[in-house]
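Colleague: Okay, here's the structure, questions in a sec.
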């Protein structure tokens, strides 16, 4: 028989996860060592991905009626068939550095919910569409965060070659997602106290 955790215990687990994420982001910025992001991605997976588990941040936000809203490029951007025709069948489209906790930044950002972002297309490689949640699972399970994998699916191998400012592009997305999660998580904790 399993004993359910109290909401207070779960809020404390959220606080601890946010500390791990913040420390990983800080250590990465200070040392430029991407290995510090591995525990960050593991925490993101536990907070946001449902694969047979209850994602902590999503569940707490639902219970507390807390809107997990942030800013992103329009979520249908990568599903745009006109762009797909222009770029052709071997295209790689990638949302990359497109999310923010607040409205500051490019004027084309829209307010979205975390559930919408997780279910929307965030990567298209040769016609294969990958949602935010799938991308997070792939990243955690194949690039290090949760499991060791001796090979990469073609979607991740295709984007692994791109860099933004010397940082592999997939890390940029998860750094931005981490910043959003910390911002939203801290606000949820403040509301709960």
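Throughout, read-outs are computed from the coordinates displayed, never taken from laboratory work. These figures come from a predicted structure and were not determined experimentally. Note that we place each Cβ from the backbone using ideal geometry, even for glycine, and neighbour counts take in every protein chain shown.
Colleague: Suppose R0 equals 22 Å. What FRET efficiency, 1/(1 + (r/R0)^6) with r the Cβ-Cβ distance, do residue 167 and residue 19 give to the nearest 0.05?
Modeller: Working: r = 23 Å, r/R0 = 1.04.
After rounding, the FRET efficiency stands at 0.45.
Colleague: Would you kindly state how much longer the chain becomes between residue 84 and residue 103 on full extension, computed as 0.36 nm times their sequence separation minus their alpha carbon distance, in nm to one decimal? Present the calculation step by step, with values, prior to reporting the outcome.
Modeller: On the way: separation 19, 0.36 × 19 = 6.84 nm, distance 2.78 nm.
My answer for the length gained is 4.1 nm.
Colleague: What does the C-alpha gyration tensor say about the overall shape of the range 1-51? Classify as rounded when a/c is under 1.5, otherwise prolate if a/b is larger than b/c, or oblate. Kindly include the intermediate steps, with their values, before the conclusion.
Modeller: Working: a/c = 3.92, a/b = 2.18, b/c = 1.80.
Since a/c reaches 1.5 and a/b is larger than b/c, the shape of the range 1-51 is classed as prolate.
Colleague: Subtract the Cα-Cα distance of residue 187 and residue 54 from 0.36 nm times their separation in residues, and report this length gain in nm to one decimal. Kindly include the intermediate steps, with their values, before the conclusion.
Modeller: On the way: separation 133, 0.36 × 133 = 47.88 nm, distance 2.03 nm.
Length gained between residue 187 and residue 54: 45.8 nm.
Colleague: Something else: Length gain on complete extension for the stretch residue 6 to residue 35, per 0.36 nm per residue less the alpha carbon to alpha carbon distance?
Modeller: Values: separation 29, 0.36 × 29 = 10.44 nm, distance 3.31 nm.
Length gained, residue 6 through residue 35: 7.1 nm.
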